[in-house]
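Undergrad: Sharing a structure, written as C-alpha cells. Questions coming.
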Amino acid sequence: MRALDAVSLDVEEGSVVGLIGPNGAGKTTLFNVVSGLLLADDGSVRFAGDEIGRLSPHRRAALGIGRSFQNLGLMLDETVAFNVMTALHRSAPYTGPDVLLRPWLRNRGDRALEQRCAWALQRFGLLADRERRVRDLSFARARFAELAAVTAEAPRLMLLDEPTTGLDLAEVSRLDAVLGQLRRDGTTILLVAHDVRFVMGVCDHVYVLAEGRMLAQGRPRVVQAHPAVVEAYLGTPARAG
Amino acid sequence: MVPVVRAGAVAGLGALALLAGEATAYKLGLIAIVFIGAIGLHILVNWSGELSLAHAGFIGLPAFVVAQLSLHAHLSPILALPLGVVAGVLLGLVVALAALRARGLQVALVTLAVGIAISRFFFVRSWVIGPPAGLHIAPPSLFGLRLETSRSLLPVLMAVVVLAVLASRSILESKLGRALSLVRSNPDAAAAVGIPVAFYRGAVYAMAGAFAGLAGASYVLWVQRISPKAFPLDLGFTYLVIAVLAGKGALTGVALAAVLIEGGQVFSILPRDFALYAGPVALIFNVTRYQEGFNGLLRETRHRLERKVAIMAAETGTADGERRWRGWGARGVRLPVVIAALLVAAGFVAVALAWYHAGNTDQVWIQNQEMVSGGIGGLGLIVLGCVLLLRDALLHGRAVVATSHTGVAGADGDADWLGASGPEPPAKEPAGPEPEGTPTGRGRRTVAAGSKGRGDTR
C-alpha cells in the first residue's frame, strides 16, 4: 500500500502554505518525508535548490528545516525552559569536547542560549511558565511551548503539524499573529491543520490531500470553491462554515 | 540555598573522611569508587535510556590494563588513571557498535553477552589476570612521595572523585545532557531539532566506559591487589540497582544510592546480603511504583519545602516568598521552625557520632558514655525538635490555609490533557466544592477554600 502516490508540492520561499485533508490522507507522512524521518521509495525532496531526499533528519535540520509534532515532540517531565534549550541544540556556540576541555565556553554559551530561550517564550506568552513541567501545563500551553521551541531555532522552513488542535479561539488568534510575524521575518511555513477556517485565513496557497493523492491546490478561495474538494472533504459550504 | 547546603554537606563529609582511621578510610574509598563507576551507568541508564549489563567488565578490564601497566612499565597507578579512562572508552565503543544495532530488550541481551564474553574470555587468561593469586602492585607514589596507607591516599582519591563529579556535571548540564534526554524520550523529535541520534547513542556508551574505566583504575590505586573475583558478573547488576535507585537527575541520588548499597555492605551496618535481597525488591518497587528514585524524592522534598516557605512568607505578609527563600531572607521563615529543624539535625548528628565512636572502641565504659550522651541526648534533641515543629504546625497551620490557596494552589493549572482523568475536555468545570467521593485524578482538584487539604497538594 502506498501512503503517498505521485504527490507533488511546491512551497515558495517566504510564503505560508497549508495542507488539508481528511484523517489518513497522508499529511503527516508527507511531513515525515520532508523532514527525513521517512525515506520516500522514489521521487525527490528539494530544499533551496538542493536535493535533500537522502539526507538524514539531523542534517536536514541543520539546513534550516524545523518541525513540530502532532502529539508534541517535547519531554513531558522536563520544564518548558529545558525543552526549549534542548531544541536550541544546533545553536549552542560550543562543541561536545568543549564541555570537558573548555567549560567556560559552555557557561557563556548556555547563558546566551537562555536569552534566546526567553525571547522565544516571550513570543508565546510563556515566560511565567518557564520553570514548570510540560506535564503540568494545559494542552494549549504545551503546544505553544513546542512552537516556541521550533521558532527559537529560527528555521528557514517550518513544518507545523496540527498546530491548532486543542486551542481555543483566543489562542488560535494569538497563533495567527505569531505566524504573521514569522512570515514578515522571512520564515517559510508549511502547515497541516483541521481548522479549515484558520488555514484559509492564514495561508497564501493551499493543497488538498486525500487518500495519498493531491486533490486540488491553489489560492484559498479557489480551493474552497473547487467541486472535488467540496465533495470529498469540506462537504457543503454550510457545513464547512 | 540548595547549593550552599550541598556544598556544606560535601565539605563536611570530606573533612570527616580525612579524620577517619585507616580501616574506615579504606571502606570510604571503596564507596567512592563505586560512586565513580555508578556515575557512568547513571548517564547511560537514567539520562539516555540505554542499558548495560556489562558494567562489571567495563570496570574490571581497564583495572587489569592499569594493573599490568603499572607492574610491567613501573608506572605509578596515579599517573595510569587516564589510561584506565582510555581503555574504558574503547570498551564502550565496542559495546556501542553492537548495541546500536539493537533496541530495547535486545540491547540488554547484547550487553549481557559482552559482559559474559569479557569474564569468560579475558578474566581467565593469565596474560590479563596474572597469577591465580591475583596481581600485586607496589603502593603508589606521586612525585617521589610514597603513599602507603589508605589515609594518605584518600586526598588523591577525593581529587579523582571531584574530577569525575565536575566532568559528569559539565556533561549533564550542557547541550550534551539535554540532547541525551531528548534522545531518550523522543528520538524523532531529537532528530528533528538536529541531534544526530545514532552518534549520541554510541557516545553515551563511550562515556559510561570512561567513568567505569576511571573506577577500575581507582580500584587498582586503592586496593593494590586485584583478581577477577573482584569483578563478578553480578557486580553489573549491583551497579544497575544503584543507577535505578538514583533515578533521573543530579548526582546526589547516585551518591545516596552508592552509600546505601555499597556502604551498607562494607560497613556491615546493614545485615550481610542485604543488598542481595533488598536491592531487587527496591528495584521492583522503583520500576513499578515510583520511577523517580532518590533524585525524584529529593526534588519533591525540595518543592515541598519551597512551597511551605512560600506559605509562611505569605502569612507574614511578604508578597514574594519564593524570592526570599532563594535569598534566605530570614523574615519569611519563622524562628521557632528554624530552631526546631536545627535541634532535629543536631540530634541526628549526635546519634551518628555516638554510633561511630561506640563502634570504634572496645572499652565498655566509653561505649556507655557514648550511649548516654550521644544516644539518649540525641534522641532527646530529636524529640524536642519534633514537638516544637508539631506545635508550630498546629498553631499556624489553620491560619495559613485561607491565605495559601490563592497564591499556591492556583499554580497547578489544568493539566487534564494527558488523559489521566477520564473523558472530559480540558478542565472547564466551575470552581467550587467537590462532592465527596468524586475520583480526584490529576488536575481535577478544584480547591474549596478551607474545606480540606492545605495548599500543599503534590
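The values are calculated or read from the model by the stated rules, or taken from the named source; none is laboratory data. Since the structure is predicted, the reported quantities are computational estimates derived from the model, not experimental observations. Neighbour counts run over all protein chains shown; Cβ positions are idealised from the backbone, glycine included.
Undergrad: Are any of the residues in segment A:139-158 in contact (Cβ under 8 Å) with a residue 12 or more places away in the chain, surrounded by fewer than 18 Cβ atoms within 10 Å (Cβ to Cβ) and more than 29 Å from A:Pro57 (Cβ to Cβ)?
TA: Checked against the condition, which is being in contact (Cβ under 8 Å) with a residue 12 or more places away in the chain, surrounded by fewer than 18 Cβ atoms within 10 Å (Cβ to Cβ) and more than 29 Å from A:Pro57 (Cβ to Cβ), segment A:139-158 yields no hits at all.
Undergrad: Are any residues in segment A:106-117 more than 7 Å from chain B (Cβ to nearest Cβ) and of a type in the set (Lys, Arg), and if so, which ones?
TA: A:Arg108, A:Arg111, A:Arg116
Undergrad: Could I ask something else about it? If you take the residues in segment B:118-141 that are of a type in the set (A, V, I, L, M) and surrounded by 14 or more Cβ atoms within 10 Å (Cβ to Cβ), which one is nearest to the chain's Cα centre (by Cα)?
TA: B:Ile118
Undergrad: Sort out which residues of segment B:251-271 are buried (at least 19 other Cβ atoms within 10 Å of the Cβ) and modelled with pLDDT of 85 or more, and write them in order of number.
TA: B:Leu251, B:Gly253, B:Val254, B:Ala255, B:Leu256, B:Ala257, B:Ala258
Undergrad: Which of the residues belonging to segment A:34-56 are free of Cβ contacts under 8 Å to residues at least 40 places away in the same chain and in contact with a Leu (Cβ under 7 Å, 6 or more places away or on another chain)?
TA: Matches in segment A:34-56: A:Gly36, A:Ile52.
Undergrad: With the requirement that a residue be more than 16 Å from the chain's Cα centre (by Cα) and buried (at least 19 other Cβ atoms within 10 Å of the Cβ), what does segment B:157-170 give you?
TA: Those that are more than 16 Å from the chain's Cα centre (by Cα) and buried (at least 19 other Cβ atoms within 10 Å of the Cβ): B:Leu157, B:Val160.
Undergrad: Would you confirm, using the coordinates I've provided, whether A:Asn107 is surrounded by 21 or more Cβ atoms within 10 Å (Cβ to Cβ) and either of a type in the set (Lys, Arg) or out of contact with any Pro (no Cβ under 8 Å at 6 or more places or on another chain) (or both)?
TA: No; evaluated as a whole, the condition is false for this residue.
For (1) more than 30 Å from B:Gly14 (Cβ to Cβ); (2) within 14 Å of chain A (Cβ to nearest Cβ); (3) outside any helix (DSSP H, G or I); (4) without any contact (Cβ under 8 Å) to a residue 12 or more places away in the chain, each residue gets a yes or a no:
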site: B:Pro139; (1), (2), (3), (4): no, no, yes, no
site: B:Glu148; (1), (2), (3), (4): no, no, yes, yes
site: B:Ser170; (1), (2), (3), (4): no, yes, no, yes
site: B:Ala179; (1), (2), (3), (4): yes, yes, no, no
site: B:Met207; (1), (2), (3), (4): no, yes, no, no
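Undergrad: Do you know which residues across segment A:143-196 are under 20 Å from A:Gln122 (Cα atoms) and hydroxyl-bearing (Ser, Thr, Tyr)?
TA: A:Thr151, A:Thr164, A:Ser173, A:Thr187
Undergrad: Residue check, A:Val17 against (1) modelled with pLDDT under 90; (2) over 19 Å from B:Tyr200 (Cα atoms), all met but one. Which one?
TA: The one condition A:Val17 does not meet is (1).
Undergrad: While we're on this one: Output the residues belonging to segment B:48-64 that are among the hydrophobic types (A, V, I, L, M, F, W, C) and surrounded by fewer than 24 Cβ atoms within 10 Å (Cβ to Cβ).
TA: B:Leu51, B:Leu53
Undergrad: How about segment B:181-192: which of its residues are more than 7 Å from every other protein chain (Cβ to nearest Cβ) and over 20 Å from B:Leu41 (Cβ atoms)?
TA: B:Pro187, B:Ala190
Undergrad: For the list (1) modelled with pLDDT of 75 or more; (2) surrounded by 13 or more Cβ atoms within 10 Å (Cβ to Cβ), I need the number of the one condition that B:Ala20 fails.
TA: Tallying (1) modelled with pLDDT of 75 or more; (2) surrounded by 13 or more Cβ atoms within 10 Å (Cβ to Cβ), B:Ala20 fails exactly one: (1).
Undergrad: Could you check segment B:97-112 and list, in sequence order, the residues that are buried (at least 21 other Cβ atoms within 10 Å of the Cβ) and touching a residue at least 60 places away in the same chain (Cβ under 8 Å)?
TA: Within segment B:97-112, B:Ala99, B:Thr111 meet the criteria.
Undergrad: Please work out if A:Leu209 is within 24 Å of B:Ala189 (Cα to Cα), away from chain B (no Cβ under 13 Å) and in a strand (DSSP E or B).
TA: The answer is no for A:Leu209.
Undergrad: Counting just the residues of segment A:66-80 that are crowded, with 17+ Cβ neighbours inside 10 Å and more than 8 Å from chain B (Cβ to nearest Cβ), which one comes out farthest from the chain's Cα centre (by Cα)?
TA: Step by step, filter segment A:66-80, then rank; the result is A:Thr79.
Undergrad: For segment B:181-196, how many residues are in contact (Cβ under 8 Å) with a residue 24 or more places away in the chain and small (Gly, Ala, Ser)?
TA: 2
Undergrad: What about B:Gly216, is it within 20 Å of the chain's Cα centre (by Cα), modelled with pLDDT under 90 and either outside the structural domain of B:Val86 (by TED's automatic domain parsing) or surrounded by 17 or more Cβ atoms within 10 Å (Cβ to Cβ) (or both)?
TA: no
Undergrad: Step by step: first the residues of segment A:84-105, then only those that are in contact (Cβ under 8 Å) with a residue 24 or more places away in the chain and polar (S, T, N, Q), then the one that is nearest to the other protein chains (Cβ to nearest Cβ). Which residue is that?
TA: Residue satisfying both the conditions and the ranking: A:Thr86.
Undergrad: In segment A:1-36, which residues are touching a Phe, Trp or Tyr at 6+ places or on another chain (Cβ under 8 Å), buried (at least 18 other Cβ atoms within 10 Å of the Cβ) and assigned to a loop (DSSP other than H, G, I, E, B)?
TA: If the condition is that a residue be touching a Phe, Trp or Tyr at 6+ places or on another chain (Cβ under 8 Å), buried (at least 18 other Cβ atoms within 10 Å of the Cβ) and assigned to a loop (DSSP other than H, G, I, E, B), then A:Gly21 is the only one that fits.
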